[in-house]
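Participant: One structure is given below, represented as structure tokens, and several questions about it will come after.
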Amino acid sequence: MSEYSGVMIFGEAKEGKLAAVTTELLGCGRRLAGDLGQELHCLLVGGDVGSLAQEAIAFGADKVYVVSDPLLEAYQADAYVLAAEKVARQVMPQILLVGQTSIGRDLAPRLAFRLGTALTTDCVELALDPTSKLLLKTKPVYGGNAQAVFTSEACPQMATVRAKAMSPLERDDSRQGEVITVEAGLEPSSIRAELVERVAEEVEGVRLEDAEVVICGGRGIGGAEGFRQLEELAGILKGAVGASRPPCDNGWVPSGYQVGLTGKIIAPDFYLAIGISGASQHMTGCSGAKTVVAINKDPEANIFREASYGVVGDWKKILPALTAKIKELMAD
Amino acid sequence: MNMVVCCKQVIDPEAPPASFRVDAAKKTVTLPPSISPVIDPYAEYAVEAALRIKDAQGGKITAISLGTGLLPDVVKKPLSMGADELILLEDEAFGTGDSWTTAYALAMAIKRLGDCDLIFCGRQASDWDAGQVGLGIAEILGLPSVTLARKVEVADGKARVERVTDDGYEVISLSLPAVITVSNELGEPRYPTIKGIMAAKKKEPTVWKPADIRVEPAQLGEAGRRAELVKLFQPVREGSCEIVDGETPEEAAASLALKLREAKIL
């Protein structure tokens, strides 16, 4: 392990800025690098990502490695993994962290297999073992019904980290750091799986990940029409509508509505779960919610073990009355 | 079109959350014996993706299950759904591994099968939720791959895959052979038919041991794994839910709204 040093964050951009998960990883990486007495690196890969380097430094990076290439404009696994592998072999970080995003889920395992190291995905906690200094990687397993802690002696020690699990540092534009440009050296022929088209399914109103209020429906909603009523309440509370897996799999709502292990991870102040049984798979996606309120016809539903308040009964009768009363209260 | 689907046997992820038990000393998660293991639900979506291609243009589907203590009624489910062959990599040596040892053994089995156009896996397995084995197989075999597929079509020696992203989907085109991991957005897997179940009962799976796929003991189990499970535990739940009542559902709803207001949640 001795020839490996430093903590590296694989950075992602979103709407011309560092993605929130990247700033969270930099915050966590800063802490780990401090404990190890080593440097914090940020790797930026994209079409033209040099402009984000100062932002990465302001959020805690000591060194930023920038790989810009037209072939890296949009995420394509073959090109990205080559670029990331090149920098990882050059820098040889002891720890390499990636966000558990649609890019991270795809990139990190490929990179781990190429580098011959072990990866733990979807971590919610990272710490150093006090004696061995190995990275202790905690992740939910069995759909959130248990948690496991993994280590690995192979370097770099890799993890993907769940959104909102870590806290970013306060942005400090006076921080100093070094920016290092690395040539991608890519050939078009290295792209075997080619991106043809990206389709964003636009959601009106507040984004689910950012919403302070989330009204979420499950299998019990019974169909697409029922979600209109959820939208009405979300509108009044300036919140967003989400769903557990069954409504998404059945096509009642777009897949982007999904909250849970295989969907979005959210941490709203107020989370209203309607017709949701509360399977761990789903609950792991909203465990950061401050107050969970449940409406379910089954008094034994697991959701009531997770909620602070609950109403047992038919949501079709309860929700309109709840919406009317909230409207009235909000008007006061 | 020759297709392989990797199907793991797991403890039932749909079992009630309260029934999951952790043996901290053995570092295992268990369910009561009355709850039978199942084929991993994510793998069922992978089987469904392969079956849709077989329906559209014909082909052969081989299911592979790796593990220990495999139950015939469980691992034969892909056959009863419409897969043609079943290979079991069953040996004590395949236990206690990690994503590396599993991907390696599966890759070597696929190599021995030969002549394979598409390899399907679930997006992750619902026990360890790692989501690494499919990509590991692709890396070991040097094949192109796509994850999180919600639709797969094959034409002119290429696969066209819709991949789920955070805010929609992307369309990816890749040449065959390729590895594709399938997400639940694909849509419900079909139920086995009576005819399918009868046919599956008669079918004998092929069992391969490590030597059959030229895998050395050093590449399996404890010796081959790169990740170490140091601790397994269940997070403590607080669980104090105030159930709000009323004479009618409407009354209960109104008093819930008032309570939320009082608690300054609204």
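The values are calculated or read from the model by the stated rules, or taken from the named source; none is laboratory data. It should be emphasised that the depicted structure is a prediction, and the values quoted were computed from it without experimental measurement. Because the Cβ atoms are built from the backbone with ideal geometry, glycine has one as well, and the counts that use them run over all protein chains shown. Please note that ligands, DNA and RNA were not included when accessible areas were found on the heavy atoms of the full protein model with its side chains. Shrake-Rupley method; radii C 1.70, N 1.55, O 1.52, S 1.80 Å.
Participant: Looking at A:Ser167, A:Ser174 in this structure, which one is within 30 Å of A:Thr138 (Cβ to Cβ), surrounded by fewer than 15 Cβ atoms within 10 Å (Cβ to Cβ) and more than 14 Å from chain B (Cβ to nearest Cβ)? Please lay out each step first, then the result.
Facilitator: Working: A:Ser174 fails: within 30 Å of A:Thr138 (Cβ to Cβ).
From the options A:Ser167, A:Ser174, the qualifying one is A:Ser167.
Participant: How many of the residues making up region B:106-140 are away from chain A (no Cβ under 14 Å), touching a residue at least 60 places away in the same chain (Cβ under 8 Å) and either in a helix (DSSP H, G or I) or surrounded by fewer than 24 Cβ atoms within 10 Å (Cβ to Cβ) (or both)?
Facilitator: Here the count works out to 9.
Participant: Could you please find all residues in region A:240-288 being within 11 Å of chain B (Cβ to nearest Cβ) and small (Gly, Ala, Ser)?
Facilitator: A:Gly251, A:Ser255, A:Gly256, A:Gly260, A:Gly263, A:Ser277, A:Gly278, A:Ala279, A:Ser280, A:Ser287 - these are the residues of region A:240-288 that are within 11 Å of chain B (Cβ to nearest Cβ) and small (Gly, Ala, Ser).
Participant: Follow-up. Assigned to a loop (DSSP other than H, G, I, E, B), modelled with pLDDT of 95 or more and either open to solvent by 20 Å² or more (accessible area, probe 1.4 Å) or more than 22 Å from B:Leu229 (Cβ to Cβ) (or both), is that true of A:Lys86?
Facilitator: no
Participant: Quick check on my filter: what residues within region A:49-83 are touching an Asp or Glu at 6+ places or on another chain (Cβ under 6 Å) and either under 19 Å from A:Leu111 (Cα atoms) or open to solvent by 30 Å² or more (accessible area, probe 1.4 Å) (or both)? Lay out the reasoning, then the answer.
Facilitator: Initially, region A:49-83 is screened for residues touching an Asp or Glu at 6+ places or on another chain (Cβ under 6 Å), giving A:58, A:62-63, A:68, A:77.
A:Asp62, A:Lys63, A:Ser68, A:Ala77 - these are the residues of region A:49-83 that are touching an Asp or Glu at 6+ places or on another chain (Cβ under 6 Å) and either under 19 Å from A:Leu111 (Cα atoms) or open to solvent by 30 Å² or more (accessible area, probe 1.4 Å) (or both).
Participant: Which residues, taken from region B:145-177, are surrounded by fewer than 21 Cβ atoms within 10 Å (Cβ to Cβ), facing another protein chain (nearest Cβ under 10 Å) and not hydrophobic (A, V, I, L, M, F, W, C)?
Facilitator: B:Arg150, B:Lys158, B:Arg160, B:Thr165, B:Asp166, B:Asp167, B:Gly168, B:Ser173, B:Ser175, listed by residue number.
Participant: Starting from region B:178-194, keep only residues that are more than 8 Å from every other protein chain (Cβ to nearest Cβ), then list their pairs with residues that are part of a loop (DSSP other than H, G, I, E, B) whose Cβ atoms are within a distance under 7 Å, requiring at least 6 positions of separation or different chains.
Facilitator: Pairs found: B:Val179/B:Leu143; B:Thr181/B:Arg123; B:Val182/B:Arg123.
Participant: Still on this structure, please answer the following. Hey, which of the strands (runs of 3 or more DSSP E) in region B:1-81, taking only ones fully inside, have at least 3 residues that are more than 24 Å from B:Asn184 (Cβ to Cβ) and open to solvent by 20 Å² or more (accessible area, probe 1.4 Å)?
Facilitator: Once the strands (runs of 3 or more DSSP E) in region B:1-81 are filtered for at least 3 residues that are more than 24 Å from B:Asn184 (Cβ to Cβ) and open to solvent by 20 Å² or more (accessible area, probe 1.4 Å), what remains is B:21-23.
Participant: Something else: Can you tell me which residue is farthest from A:Met92 (Cα to Cα) among those in region A:12-43 that are open to solvent by 50 Å² or more (accessible area, probe 1.4 Å) and of a type in the set (A, V, I, L, M)?
Facilitator: Among those residues, the one meeting the criterion is A:Ala20.
Participant: Going by the conditions given, is B:Arg261 open to solvent by 60 Å² or more (accessible area, probe 1.4 Å), in contact with a helix residue (DSSP H, G or I) (Cβ under 6 Å, 6 or more places away or on another chain), assigned to a helix (DSSP H, G or I) and facing another protein chain (nearest Cβ under 7 Å)? I'd like the intermediate steps shown before the answer.
Facilitator: Working: open to solvent by 60 Å² or more (accessible area, probe 1.4 Å): yes; in contact with a helix residue (DSSP H, G or I) (Cβ under 6 Å, 6 or more places away or on another chain): yes; assigned to a helix (DSSP H, G or I): yes; facing another protein chain (nearest Cβ under 7 Å): yes.
Considered against the rule, which asks whether it is open to solvent by 60 Å² or more (accessible area, probe 1.4 Å), in contact with a helix residue (DSSP H, G or I) (Cβ under 6 Å, 6 or more places away or on another chain), assigned to a helix (DSSP H, G or I) and facing another protein chain (nearest Cβ under 7 Å), B:Arg261 comes out as yes.
Participant: Confirm whether A:Gly46 is surrounded by 18 or more Cβ atoms within 10 Å (Cβ to Cβ), modelled with pLDDT of 95 or more, among the small types (Gly, Ala, Ser) and in contact with a helix residue (DSSP H, G or I) (Cβ under 6 Å, 6 or more places away or on another chain).
Facilitator: Yes; evaluated as a whole, the condition is true for this residue.
Participant: For B:Glu204, work out the one condition from (1) part of a loop (DSSP other than H, G, I, E, B); (2) within 10 Å of chain A (Cβ to nearest Cβ); (3) closer than 29 Å to B:Ser126 by Cβ; (4) open to solvent by 70 Å² or more (accessible area, probe 1.4 Å) it doesn't fulfil.
Facilitator: Single failed check for B:Glu204: (2).
Participant: So which pairs qualify, if the first residue must be in region B:1-28 and more than 13 Å from every other protein chain (Cβ to nearest Cβ), the second must be part of a helix (DSSP H, G or I) and basic (Lys, Arg), the Cβ gap must be under 9 Å, and the two must be at least 6 apart or on different chains?
Facilitator: Going by the 9 Å Cβ cut-off, the qualifying pairs are B:Met1/B:Lys54; B:Met3/B:Lys54; B:Cys7/B:Lys77.
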